[in-house]
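Worksheet: the structure to be examined is printed underneath.
The values are calculated or read from the model by the stated rules, or taken from the named source; none is laboratory data. As the structure is a computational prediction, the values presented were derived from the model and not from experiment. For neighbour counting, all protein chains shown are included, and Cβ atoms are generated from backbone atoms with ideal geometry for every residue, glycine included. Remember, those area values only see protein heavy atoms, side chains included, never the ligands or the DNA or RNA. Shrake-Rupley method; radii C 1.70, N 1.55, O 1.52, S 1.80 Å.
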Amino acid sequence: MLFPTVDFAVFFLVVFTGSWLLRPHKIAWRWFILAASCVFYGWWDWNYLTLLLLSIGINWFLGLVVYKALTPDGERTNASRWLVRIAVIVNLGILGYFKYFDFFISTITDKMRSIGISVDTPLLNIILPVGISFFTFQAISYVIDIGRGQWRKPLNILDFAVYLSFFAHLVAGPIVRASEFAPQLDEEPDPRYVRSGEAFMLIFRGMFKKVVISSFLATQIVDPVFANPDAYGSLAVLMAIYAYAVQIYADFSGYTDIAIGIALLLGIRFPQNFDSPYIAVTLQDFWNRWHMTLSRWLRDYLYIPLGGNRGSKAMMYRNLFLVMIIGGLWHGANWTFVVWGAIHGGYLVAERIVRGKWKGHELGLPPHLVKAMQWFLVFNVVCLAWVFFRAQSIDGAFTLLGRLFASGGSDAGVSLLLVIVIVASIASQFVPPRFPQKAEVWFATWAPALQTAALAGGLVLVDALGPEGIAPFIYFQF
Amino acid sequence: MPAGLILVVILLAFCVAGLLNADSTLRKSNAKGDGWRNEIAKTVAAVTDTFQINFFRNTIDDALGKNQGTKIDVEELLRQQAEAESAAAAEAAQKVPELVAPTPAEPMKIWVGGDSITQTFGTSFQRITQSTGIFTPTLDFHVSTGLARPDYYNWPEHLVKDVLPTNPSILVIMFGANDGQNMVDASGKALQRYSEPWMIEYRRRVAATMDLLKAPENNRITIWCGPPPMGPGTKTHGMDQLNYIYWSEAQTRPWIQYFDTWPFFSDTNYVFAANLPNADGVVRGMRQKDNVHLSTVGGDRLSWAVIDRIGKLVDLSAGNVTPPPSQAPPASVVERTEVPPNMPGAE
């Protein structure tokens, strides 16, 4: 079930009503939310539901046995360490089967063919269940946190099921941790004070970003140019690259805004997932602002276990690079994602080296100019990496980049409106957060009738400016 | 705000927006062919139409330039064409048109168009035909279009009024990927997609569109490409059934040459395959991530296959029409002699 659809609107009205009516009855509320989440997920394909329920059962059980293997003081034991490893292997094994099996087989086949050995290995054409990467990462974090003794009491199976399957974050995040979500299950939010102003603004903003901005950029320039770069001139290619940077942000952050808004209407608060990433002046800063819940997951469950900043500088650089490569692969089974990760990893390492060498040196330029140059550099490195992220193949990405410097080709799709949308979308990130916050507070003071009219008007506007159909969110495929 | 009041606000906002957006919702519902939801959408649209509530939204749509379609039916276009056509021309159309061989000095005008699949395929086709030195190609695609929704985009009208007057010698056309949706027939009756009445109506539109493409002097060929098989995870179904209609209608119209794309994007059992080897033996990705649209490689592969087919109808020896093995399909991949109405695994 996609958020900006009539189906979801009806579903949400039922869930909203049921949720607030049942909230005082903790067990009944949990069963209701679990059932609603199962309907939401099963709407895509009821077969997927089996996998989700299997993941809930396995990880809840592993969490329990890991907890029992700890010392009474919550200290790790050899048994708990091994059980955590098993949990990680099981989860990654399931993820790997669905996400990487065909990629692995086709890579091996290609390599063997390149050395003259022809093998006929049938691909399974496995369909990737929606959101598997997200709920798998959440499940891993739960078991690891218990194994580390950070989560002292395993959840009961109902709470764990609600946590892992909660429909608002199920298919495209944010990646919420049990320590953030579970305490909210026991709270009893006051139904007289729901943060509707903030929630409505988030939902409207998210829908506008997804349905209007993202869809417009995709159909106007991104899809045609990335599909056939050879036909386009350098201006169209450049615009398509910048447009994709805006498109993927609008698409993913739009989804997150809607998810956070919906959860808020049900009295649940999710962590922030985006914080104006395109204003970053360093790539490290970018990763503190882009897909923040994935960044901290990679930091806590991959970077730190690999050694993090401990040890030599060379090891730290290796860890950083490795984490970004794995972060790239998390997005999908394609070498393009590896290159995307490598660009980010390489630049992060370079950034640290340069920062270390230049510490204390002054360029003699005005600080604002230096900052602007840094911003320009980081933004364009991010855009360069997006080219590989979006392209079908590495060859395709290089072809597209090559068109930036080639003559000829059409500049079809480039228009004043397109430039305005790109520039305005990027510029909007420089607006201080206090302004939208003030708008939320102001909106909350409106009379209910006025809020109704504004919401209805917003829905008409989004529908009118959007395309005829609703395209799936980009991040569903991850 | 209290939860109860929020519920009222949301409910009212949905109702107001639902009424204002009724026509748009009905269009989307028709497109999806979604049973009982469609009935509700129709009822709501009828109410808004009665009370002219849709005026506000329709004004916005008009201002935004949406709804480029018309209500002109293909039969009306055919009637106009028949009035202008002589009996001698109808007689001439009974055999495959014989076209003058193109040369670099006198290149042949070739037009390629259709829906969003044609976007990738057509761009490849345009580039490749241009590189042969004997074609002057024109690409004309419109996303989310087909023959099912003339109210959204009227292809037959566009072909007659905008394309044919430019006198292309060859048209390469592909529809179908957006046509698996409910339709409204000429009498205004809604038809459930792929139901028997739907098939009859779709066949009528296909046949009439093919007739519209007939040239009075029988000097134009249309290569009608059936859509390729769609991959798992897509919501685009029934392409085999549409292909059967295209193929069977083309059998009695010599100026229409059906091109069977299916074998070029499937394995040896005619089952969808995203990755396939080209003539050089290297396996490449033929489709975009959505498993519907062709990749650039897939577009190149289809382009060379279509050029090969054109070469069987027209002498192309004056041009550079030998494909690089890295772009063309293997020689073993050929069109089927008959197109069956149902393919295993196509649904």
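Looking only at the stretch A:322-341, which residues are more than 18 Å from the chain's Cα centre (by Cα) and surrounded by 18 or more Cβ atoms within 10 Å (Cβ to Cβ)?
In the first step, residues of the stretch A:322-341 are kept if they are more than 18 Å from the chain's Cα centre (by Cα); the result is A:322, A:335, A:339.
Passing the criteria: only A:Val339.
Determine if the stretch B:176-194 includes at least one residue that is among the β-branched types (Val, Ile, Thr) and in contact with a Pro (Cβ under 6 Å, 6 or more places away or on another chain). Can you show your working first?
Our first condition is that a residue be among the β-branched types (Val, Ile, Thr); within the stretch B:176-194, this holds for B:184.
Those left that are additionally in contact with a Pro (Cβ under 6 Å, 6 or more places away or on another chain): none.
No, every residue in the stretch B:176-194 fails to be among the β-branched types (Val, Ile, Thr) and in contact with a Pro (Cβ under 6 Å, 6 or more places away or on another chain).
Given the structure, is A:Ser234 within 30 Å of A:Gly402 (Cα to Cα) and in contact with a helix residue (DSSP H, G or I) (Cβ under 8 Å, 6 or more places away or on another chain)?
Details: within 30 Å of A:Gly402 (Cα to Cα): yes; in contact with a helix residue (DSSP H, G or I) (Cβ under 8 Å, 6 or more places away or on another chain): yes.
Yes; evaluated as a whole, the condition is true for this residue.
Of (1) out of contact with any helix residue (DSSP H, G or I) (no Cβ under 8 Å at 6 or more places or on another chain); (2) outside any loop (DSSP other than H, G, I, E, B), B:Pro330 satisfies all except one. Which?
All conditions are met except number (2).
Hey, does the stretch A:407-418 have a residue that's assigned by TED's automatic domain parsing to the domain that holds A:Ala280, part of a helix (DSSP H, G or I) and in contact with a helix residue (DSSP H, G or I) (Cβ under 7 Å, 6 or more places away or on another chain)? First the steps, then the outcome.
Here is the first cut: in the stretch A:407-418, the ones assigned by TED's automatic domain parsing to the domain that holds A:Ala280 are A:407-418.
Next cut, part of a helix (DSSP H, G or I) only: A:416-418.
Next cut, in contact with a helix residue (DSSP H, G or I) (Cβ under 7 Å, 6 or more places away or on another chain) only: A:418.
Yes - at least one qualifying residue is present in the stretch A:407-418.
Suppose the filter is open to solvent by 10 Å² or more (accessible area, probe 1.4 Å) and within 30 Å of A:Gly409 (Cβ to Cβ); does B:Pro150 pass it? Reasoning before the result, please.
Details: open to solvent by 10 Å² or more (accessible area, probe 1.4 Å): yes; within 30 Å of A:Gly409 (Cβ to Cβ): no.
Judged against the criteria, B:Pro150 is not a match.
Quickly run through the stretch A:385-401 and pick out the residues that are among the aliphatic types (A, V, I, L, M) and within 17 Å of A:Tyr232 (Cβ to Cβ).
Residues of the stretch A:385-401 that are among the aliphatic types (A, V, I, L, M), as a first pass: A:385, A:387, A:391, A:394, A:397, A:400-401.
Across the stretch A:385-401, the qualifying residues are A:Val387, A:Ala391, A:Ala397, A:Leu400, A:Leu401.
Please state which one of A:Phe98, A:Phe103 is surrounded by fewer than 20 Cβ atoms within 10 Å (Cβ to Cβ), within 14 Å of chain B (Cβ to nearest Cβ) and modelled with pLDDT of 70 or more.
On the way: A:Phe103 fails: modelled with pLDDT of 70 or more.
None of the others qualify; the one that does is A:Phe98.
Go over the candidates A:Phe478, A:Phe443, A:Phe389 one by one and state the one that is open to solvent by less than 80 Å² (accessible area, probe 1.4 Å), touching a Gly at 6+ places or on another chain (Cβ under 9 Å), modelled with pLDDT of 90 or more and within 14 Å of another protein chain (Cβ to nearest Cβ). Can you show your working first?
Values: A:Phe478 fails: modelled with pLDDT of 90 or more; A:Phe443 fails: modelled with pLDDT of 90 or more.
The conditions single out A:Phe389.
So which residues in the stretch B:195-222 are closer than 27 Å to B:Asn291 by Cα, in contact with a helix residue (DSSP H, G or I) (Cβ under 8 Å, 6 or more places away or on another chain) and surrounded by fewer than 21 Cβ atoms within 10 Å (Cβ to Cβ), if there are any at all?
B:Met199, B:Arg203
So which helices (runs of 4 or more DSSP H) are wholly in the stretch A:146-261 and hold at least 1 residues that are more than 30 Å from B:Asp300 (Cβ to Cβ) and within 24 Å of the chain's Cα centre (by Cα)? Can you show your working first?
Details: elements: A:157-165, A:167-170, A:178-186, A:196-207, A:223-227.
So the answer is A:157-165, A:167-170, A:178-186, A:196-207.
With respect to A:Ala172, determine if the residue is buried (at least 23 other Cβ atoms within 10 Å of the Cβ) and modelled with pLDDT under 85. I'd like the intermediate steps shown before the answer.
Working: buried (at least 23 other Cβ atoms within 10 Å of the Cβ): yes; modelled with pLDDT under 85: yes.
Against the criterion (buried (at least 23 other Cβ atoms within 10 Å of the Cβ) and modelled with pLDDT under 85), A:Ala172 qualifies.
Only one of (1) under 19 Å from A:Thr293 (Cβ atoms); (2) in contact with an Asp or Glu (Cβ under 8 Å, 6 or more places away or on another chain) fails for A:Met201. Which number is that?
(1)
To keep it simple, each residue is scored yes or no on (1) more than 14 Å from chain B (Cβ to nearest Cβ); (2) open to solvent by less than 10 Å² (accessible area, probe 1.4 Å).
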| site | (1), (2) |
| --- | --- |
| A:Ile146 | yes, yes |
| A:Arg177 | yes, no |
| A:Phe181 | yes, yes |
| A:Glu188 | no, no |
| A:Gly197 | no, yes |
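Quick one: B:His237 ticks every box in (1) more than 20 Å from the chain's Cα centre (by Cα); (2) open to solvent by 50 Å² or more (accessible area, probe 1.4 Å); (3) touching a residue at least 40 places away in the same chain (Cβ under 8 Å) except a single one, so which number is it?
B:His237 satisfies all of (1) more than 20 Å from the chain's Cα centre (by Cα); (2) open to solvent by 50 Å² or more (accessible area, probe 1.4 Å); (3) touching a residue at least 40 places away in the same chain (Cβ under 8 Å) except (1).
Could you pull out the residue among A:Arg76, A:Arg23, A:Arg30 that is of a type in the set (Lys, Arg), in contact with a Gly (Cβ under 8 Å, 6 or more places away or on another chain) and away from chain B (no Cβ under 11 Å)? Walk me through it before giving the result.
On the way: A:Arg23 fails: away from chain B (no Cβ under 11 Å); A:Arg30 fails: in contact with a Gly (Cβ under 8 Å, 6 or more places away or on another chain).
Every option except A:Arg76 fails the conditions.
Just the residues that are in contact (Cβ under 8 Å) with a residue 40 or more places away in the chain and polar (S, T, N, Q), please, taken from the stretch A:6-46.
Within the stretch A:6-46, A:Ser19, A:Ser37 qualify.
Just to be sure, is B:Leu78 crowded, with 17+ Cβ neighbours inside 10 Å, modelled with pLDDT under 90 and over 15 Å from the mean Cα position of the chain (by Cα)? Reasoning before the result, please.
Values: crowded, with 17+ Cβ neighbours inside 10 Å: yes; modelled with pLDDT under 90: yes; over 15 Å from the mean Cα position of the chain (by Cα): yes.
It is true that B:Leu78 is crowded, with 17+ Cβ neighbours inside 10 Å, modelled with pLDDT under 90 and over 15 Å from the mean Cα position of the chain (by Cα).
Return the residues of the stretch A:267-283 that are buried (at least 23 other Cβ atoms within 10 Å of the Cβ), touching a Ser or Thr at 6+ places or on another chain (Cβ under 9 Å) and among the hydrophobic types (A, V, I, L, M, F, W, C); say none if nothing qualifies. Let's see the steps before the verdict.
First, the residues of the stretch A:267-283 that are buried (at least 23 other Cβ atoms within 10 Å of the Cβ): A:270, A:273, A:283.
From what's left, touching a Ser or Thr at 6+ places or on another chain (Cβ under 9 Å): A:270, A:273.
The answer is A:Phe270, and nothing else.
Collect the residues in the stretch B:305-347 that are open to solvent by 90 Å² or more (accessible area, probe 1.4 Å) and under 19 Å from B:Thr268 (Cβ atoms), keeping them in residue-number order.
Once the filter is applied, which keeps residues that are open to solvent by 90 Å² or more (accessible area, probe 1.4 Å) and under 19 Å from B:Thr268 (Cβ atoms), the stretch B:305-347 yields B:Ala331, B:Ser332, B:Thr337, B:Glu338, B:Asn342, B:Pro344.
State whether one or more residues within the stretch B:267-286 are away from every other protein chain (no Cβ under 12 Å), over 17 Å from the mean Cα position of the chain (by Cα) and in a helix (DSSP H, G or I).
Within the stretch B:267-286, the first condition is being away from every other protein chain (no Cβ under 12 Å), and the residues that meet it are B:270, B:278-279.
Keeping just the survivors that are over 17 Å from the mean Cα position of the chain (by Cα) gives B:270, B:278-279.
Subsequent filtering for residues that are in a helix (DSSP H, G or I) retains none.
There is no residue in the stretch B:267-286 that is away from every other protein chain (no Cβ under 12 Å), over 17 Å from the mean Cα position of the chain (by Cα) and in a helix (DSSP H, G or I).
A quick yes/no check of all residues on (1) surrounded by fewer than 24 Cβ atoms within 10 Å (Cβ to Cβ); (2) more than 30 Å from B:Ala46 (Cβ to Cβ); (3) in contact with a helix residue (DSSP H, G or I) (Cβ under 7 Å, 6 or more places away or on another chain):
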site: B:Thr118; (1), (2), (3): no, yes, no
site: B:Leu159; (1), (2), (3): yes, yes, yes
site: B:Asn182; (1), (2), (3): yes, no, yes
site: B:Ser187; (1), (2), (3): yes, no, no
site: B:Arg193; (1), (2), (3): yes, no, no
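Counting only residues that are within 23 Å of the chain's Cα centre (by Cα) and without any contact (Cβ under 8 Å) to a residue 40 or more places away in the chain, which one in the stretch A:55-91 is least open to solvent (accessible area, probe 1.4 Å)?
Step by step, filter the stretch A:55-91, then rank; the result is A:Val90.
I need every pair where a residue in the stretch A:293-314 that is at positive phi has its Cβ under 6 Å from the Cβ of a residue that is part of a helix (DSSP H, G or I) and open to solvent by 70 Å² or more (accessible area, probe 1.4 Å), sequence separation at least 6 or different chains.
A:Gly307/A:Met315
What residue, of B:Ile10, B:Ile60, B:Ile6, is touching a Ser or Thr at 6+ places or on another chain (Cβ under 6 Å), within 11 Å of another protein chain (Cβ to nearest Cβ), in a helix (DSSP H, G or I) and at pLDDT 80 or above? Give the derivation first.
Working: B:Ile10 fails: touching a Ser or Thr at 6+ places or on another chain (Cβ under 6 Å); B:Ile60 fails: touching a Ser or Thr at 6+ places or on another chain (Cβ under 6 Å).
Only one candidate passes the filter, namely B:Ile6.
Just wondering, is there one or more residues in the stretch B:130-143 that are under 20 Å from the mean Cα position of the chain (by Cα) and open to solvent by less than 10 Å² (accessible area, probe 1.4 Å)?
The initial filter retains those residues of the stretch B:130-143 that are under 20 Å from the mean Cα position of the chain (by Cα), namely B:137-143.
Restricting the remaining residues to those that are open to solvent by less than 10 Å² (accessible area, probe 1.4 Å) gives none.
Within the stretch B:130-143, not a single residue is under 20 Å from the mean Cα position of the chain (by Cα) and open to solvent by less than 10 Å² (accessible area, probe 1.4 Å).
Give B:Thr123, B:Thr136 a once-over and let me know the one that is more than 18 Å from B:Trp224 (Cβ to Cβ), touching a helix residue (DSSP H, G or I) at 6+ places or on another chain (Cβ under 7 Å) and of a type in the set (S, T, N, Q).
Numbers: B:Thr136 fails: touching a helix residue (DSSP H, G or I) at 6+ places or on another chain (Cβ under 7 Å).
Testing whether each residue is more than 18 Å from B:Trp224 (Cβ to Cβ), touching a helix residue (DSSP H, G or I) at 6+ places or on another chain (Cβ under 7 Å) and of a type in the set (S, T, N, Q) leaves just B:Thr123.
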